[in-house]
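My questions all concern the structure below.
What follows draws every value from the coordinates through simple rules; no lab data is involved. In this text the structure is predicted, and so the values were computed from the model without any measurement. All Cβ positions, glycine included, derive from the backbone under ideal geometry; neighbour counts span all protein chains shown.
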Amino acid sequence: MMTAEYQVIEGVAVVTVDNPPVNAISQTVRDGIIKGIDRASADPEAQSVLLRCEGKTFMAGADISEFDKPALAPSLPDVVNCIEACPKPVVALIHGYALGGGLEIAMACHYRIAQEGAKLGLTETNLGLIPGAGGTQRLPRLVGVSKALDMITGGKIISSEEALESKLVDKLIGHLPEKSDEPQNMLKVALNYCQKVPQQTPVLRRLSQAPMPHQVAEGVFDEWRTKMHKRKRNLNAVQSAIDAVEASTKQPFDEAIKLERNLFMLLRESQQAKALRHIFFAEKKAGQFNTKSVPSTQKIQKVAVIGAGTMGTGIAMAFSNAGYPVLLLEKSHVALEQGITRIEKMLASSIKREKITAAQADKSRNLITPTTDYQSLQDVDMVIEAVFEDLEVKSQVFAQIHEHCRSDAIIASNTSYLDINVLAMGSPYPENIIGMHFFSPANIMKLVEVIRTDYCSEATLTTAIKVLKHLNKVSVISGVCHGFIGNRMYQSYQREVGLLLLEGASPKQIDQALYNFGMAMGPLSVADMSGLDISYMMRKSLNKEDYDSRAFLVHDRLVESNRKGRKTHSGFYKYDENGKKLGTDPSVLQLIAATASELGFQPREVKDNEIIDRCILALVNEGAHILDEGIAASASDIDVVYVNGYGFPRHLGGPMHYAQASGLDHVAKTIDQFSSSYGDRWWKSAASLRAGSQNGKWEEVV
Ligand code: 3HC
Ligand code: NAI
């Protein structure tokens, strides 16, 4: 297959890359570009060269799927060197995305023009890499060291306007001045531009020979190292990226570029980069499911959210931000008013954090219609129920929804734990009932667990996933069980946390050990933040034999003495009036010691490694049981849930990938040891783990 076409139009050699869907720079693309540039160099008909792409985007970077295979020539640096050395001026025409290697190729060109709306970035650190084809050397020469460090270490994507302002691109192609909505013909404008560039520019505009635009102040790089150490904890690529940019200011180009390439090659083989590649592809795969036919999807034009509490308001905003008209239905005007105030606060905070503009906030607000009238549900295509976590209340609400909604409307519950099969069974249209478990705050968190009931049709499932894609969410399909994938596993994690407290670890030690492991927050800080009463209420709905009640006795006693966490200024920790953590509460330590002694625990020294093993392997083993039961379709789906919903470190790829990278046989043996020490009621190893320990990997789902 040809992936780079060559043609000469009006004296311009046009090299067109065509490798759908995102023009990833695979071996054939690299080969094709070099052949195109060589041909243009020798072609007497061509005075300049235009490098462009077919399809929806310019090159979105190196082909990530090649990184786990032996390197194939020509390399990306070969391509970049060939372009920059071309004796005729080469112009890159950017539309869509120019990311990673795509932007490196564009920077090797002597000019860059971009269509308005294009997005540019060196996003390699998001994959545990640094730019490996001159990005750390050419970007600072174009935009200055500070901007380059900001873009590279943050893996940031900038707009075409920002790129023009910072001189990363030379010209923007916008709309026709006389018809403001009609885009200019990109190719025509680009050809015109190519015809006018002076012939001597290749020499003048080779960035490898350009000086740095500004002097760099002493200490800048160390400041960045400290800043990024906090912001991107444990991510090796970020520190390497700073080293490489620093080299661009201190060493000749030829030497600094060797350092960049060596660092890139080392990182490419690292566990972190492998884990980040795993999660990149896992997120793309999530939400896809095996189906015999392609089910037809329903058009969703208007939605309703029932309940304007914490979740309902966030869900309503997630939809309205994506352009959907939303009915927000409450049981009383007072509750509705409170919900609207909450939405106003969320919009103000999104504007403050520059997530949306004031105009976008207005648009989003105007799309939400508050109501207390169930009759207004008659023309909605989808309903998301987010009322109290109580099966009786939800059943009543479902009955009212059915009374007023069209029979083909999809009805989703946002329940955290309840059995959605019961709600589906009670419905006249069980095939339309589904779970959509959003995470809080629902307008920000990307993850949604889509709960497939025993009755829901493939069309309902596909439609829900399609809508969530419009909302820019990552969907993972889960079967019905208590807590679905994420909360069910989290219960096992919290069980070990509770037991470790009784065995002698302090809340601070447990939180610190798991934070150092990479979790976004320690588990007891999370419990205080979420409200200890929420999980207390959930446990009250369980049978005592369904969980290890010893592990949660301290939690229960805290709630019963009105210490519900941050909201009451005391839980496992103390908090000031503004919710700022003040530290450990000595009375909690006494409560833990007294409860432990009452339950017959002998205090002992607990090592940090044991905390990590017990808590993380509890997640892994529960995840494996979830696989055994077919609740999750694959180990990678579980990883997507944990990385996007529970603060599991992305650079470890999720709990299941972490276990596989640590060796599933080793993990299985450790779990067997826990089973001997603590009994097999909670530590019975899952069949999929035992099978995985034979093969070294989790079973692939076909
Ligand atoms: N390599 C291989 N496949 C890629 C890819 C890449 N760089 N980027 C995207 N794809 C694939 C996806 O896996 C997906 O495949 P599927 O259809 O089989 O699931 C398909 O292309 C479409 O991708 P998306 O669904 O993500 O499409 P969107 O339109 O939503 O997003 C995008 C487009 C913003 C370009 C997004 O795909 C993206 O961020 N891609 C990764 C970009 C990146 O990180 N580039 C840097 C690579 S590292 C590098 O260049 C190293 C160099 O310095 C040496
Ligand atoms: P909440 O208590 O903040 O809000 C519930 C809202 O539902 C209240 O405003 C109440 O007035 C309204 N309501 C009750 N009965 C109603 C009825 N008959 N008609 C219309 N509105 C009615 O609760 P929250 O936290 O928003 O939870 C809602 C659901 O989302 C629950 O099922 C919960 O388990 C689930 N969930 C909660 C998460 C969280 O972090 N809070 C996360 C994910 C899911």
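Just tell me which aspartates and glutamates come within less than 17 Å, Cα to Cα, of residue 446; anything on the same chain fewer than 8 places away is out.
Straight-line reach from residue 446, under 17 Å: 283, 637, 639.
Now for a separate question. Using a cut-off of 19 Å between alpha-carbon atoms, which lysines can reach residue 394, once sequence neighbours fewer than 8 places away in the same chain are excluded?
Within the straight-line cut-off, residue 394 pairs with 331, 540.
May I ask you to derive the relative contact order of the chain, considering only C-alpha pairs under 8 Å and at least 6 residues apart, and to give it as an integer percent?
Details: 1304 pairs, mean separation 60.8, N = 702.
Normalised by residue count, the contact order of the chain is 9 percent.
Further question on the same structure: Give the aspartates and glutamates whose C-alpha is closer than 19 Å to that of residue 580, dropping any in the same chain fewer than 8 places away, or say none.
511, 528
With +1 assigned to the C-beta of every Lys and Arg and -1 to the C-beta of every Asp and Glu, and no other charges, what is the dipole magnitude of the stretch 486-695 about the Cα centre in debye, to the nearest 20?
Details: 23 positive and 26 negative charges, 87 e Å.
Here the stretch 486-695 has a charge dipole of around 420 debye.
Below 8 Å between Cα atoms, with a sequence gap of 6+, how large is the relative contact order for the stretch 377-513 in percent? Write down the numbers at each step before the final one.
Working: 202 pairs, mean separation 25.3, N = 137.
After rounding, I find 18 percent.
Sticking with this structure for a sec: Amide H to amide H under 5 Å from residue 48: which residues, 5+ apart in sequence or cross-chain, H placed 1.01 Å off N in plane?
So residue 48 has HN proximity to 13.
Taking 1 over the mean of 1/r across every pair of different Cα atoms in the stretch 20-124, what Kirkwood radius in Å do you get? Could the numbers behind the result be given before it?
Working: mean 1/r = 0.0726 Å⁻¹.
Across the stretch 20-124, the inverse of the average 1/r is 13.8 Å.
Quick one: Cα centre-to-centre distance for the stretch 58-89 and the stretch 368-390, in angstrom?
52
Can you check what the Kirkwood hydrodynamic radius comes to for the chain, Cα pairs only, in Å to one decimal? Can you show the working numbers first?
Numbers: mean 1/r = 0.0356 Å⁻¹.
Evaluated over the chain, this radius sits at 28.1 Å.
Which trypsin sites (Lys or Arg not before Pro) does the stretch 586-678 hold that lie in a coil by DSSP with at most 10 other beta carbons within 10 Å?
Values: sites: 604, 607, 614, 650, 669; in loops: 604, 607.
In loop regions of the stretch 586-678 (DSSP not H, G, I, E or B), the sparsely surrounded trypsin sites (Lys or Arg not before Pro) are 604.
Roughly how many Å is it from the Cα centre of the stretch 321-350 to that of the stretch 528-560, as a whole number?
Each part reduced to its Cα centre gives a spacing of 31 Å.
Output the relative contact order of the stretch 1-96, whole-number percent, from Cα pairs under 8 angstrom with separation of 6+ residues.
Once normalised by length, the contact order is 33 percent.
By how many degrees, between 0 and 90 and to the nearest 10, does the Cα long axis of helix 271-285 differ from the longest principal axis of the chain?
80
When a footprinting reagent is the concern and you count Cβ atoms within 10 Å, what order do 201, 462 take, fewest first?
Numbers: 201 16, 462 19.
Ordered from fewest to most neighbouring Cβ atoms within 10 Å, 201, 462 come out as 201, 462.
What ranking do 214, 229, 625 get, fewest neighbouring Cβ atoms within 10 angstrom at the top? Numbers along the way, then the final one.
Working: 214 11, 229 14, 625 20.
Taking fewest neighbouring Cβ atoms as first place, the list is 214, 229, 625.
How many angstrom lie between the C-alpha centres of the stretch 581-602 and the stretch 216-279?
Their Cα centres are 44 Å away from one another.
Return the loop-located GluC sites (Glu not before Pro) in the stretch 512-589 (DSSP other than H, G, I, E, B) with at most 14 other Cβ atoms within 10 Å of their own Cβ; answer none if there are none. Spell out each step's value before the answer.
Details: sites: 545, 560, 577; in loops: 577.
Counting only loop positions with at most 14 other Cβ atoms within 10 Å, the GluC sites (Glu not before Pro) in the stretch 512-589 are 577.
For the stretch 113-197, which trypsin sites (Lys or Arg not before Pro) are both in a DSSP coil and crowded by at most 12 other Cβ atoms within 10 Å?
Numbers: sites: 119, 138, 141, 147, 156, 167, 171, 179, 188, 196; in loops: 156, 167, 179.
Passing sites in the stretch 113-197 are 179.
How much of the DSSP bridge set in the chain is antiparallel, in percent, rounded to the nearest 5?
On the way: 19 of 63 bridges.
Counting only bridges with both partners in the chain, antiparallel ones make up about 30 percent.
Follow-up question, since we're still on this one. Given charges of +1 on the Cβ of Lys and Arg and -1 on the Cβ of Asp and Glu, with all other atoms neutral, how large is the dipole of the chain about its Cα centre, in debye to the nearest 20?
Numbers: 76 positive and 81 negative charges, 237 e Å.
It works out to roughly 1140 debye.
Compute the Cα gyration tensor for the stretch 454-505, then decide on rounded, prolate or oblate, letting a ≥ b ≥ c be the square roots of its eigenvalues: rounded whenever a/c is under 1.5, prolate when a/b is larger than b/c in the other cases, and oblate in all that remain. Walk me through the numbers before you get to the answer.
Numbers: a/c = 8.02, a/b = 2.56, b/c = 3.13.
Here the stretch 454-505 falls in the oblate category.
Which of the residue pairs 56/299; 171/345; 230/684 have a Cα-Cα distance greater than 31 Å in the structure shown?
On the way: 56/299 24 Å; 171/345 39 Å; 230/684 38 Å.
The pairs that break the limit, which is 31 Å between Cα atoms, are 171/345; 230/684.
Additional query: Can you show me the helix-derived [θ] at 222 nm for the chain, built from DSSP H runs with n ≥ 4 at -39,500 (n - 2.57) apiece and divided by the number of residues, rounded to the nearest 500. Walk me through the numbers before you get to the answer.
On the way: 30 runs with 341 residues, N = 702.
When only DSSP H runs of four or more count, the value is -15000 deg cm²/dmol.
Scan around residue 368 for amide H atoms under 5 Å from its own, H built in the peptide plane at 1.01 Å from N, and keep only partners 5 or more places away or cross-chain.
Here the answer is 326, since their amide H atoms fall under 5 Å of that of residue 368.
Mind grabbing the base-10 log of I(q)/I(0) for the stretch 271-334 at q = 0.12, 0.17, 0.20 Å⁻¹? Debye formula, identical points on the C-alpha positions, no solvent, two decimal places.
-0.59, -0.83, -0.88
Going by alpha carbons, how many degrees (0 to 90, nearest 10) lie between the helix axis of 145-154 and the longest principal axis of the chain?
In the chain, helix 145-154 runs at an angle near 40 degrees to the longest axis.
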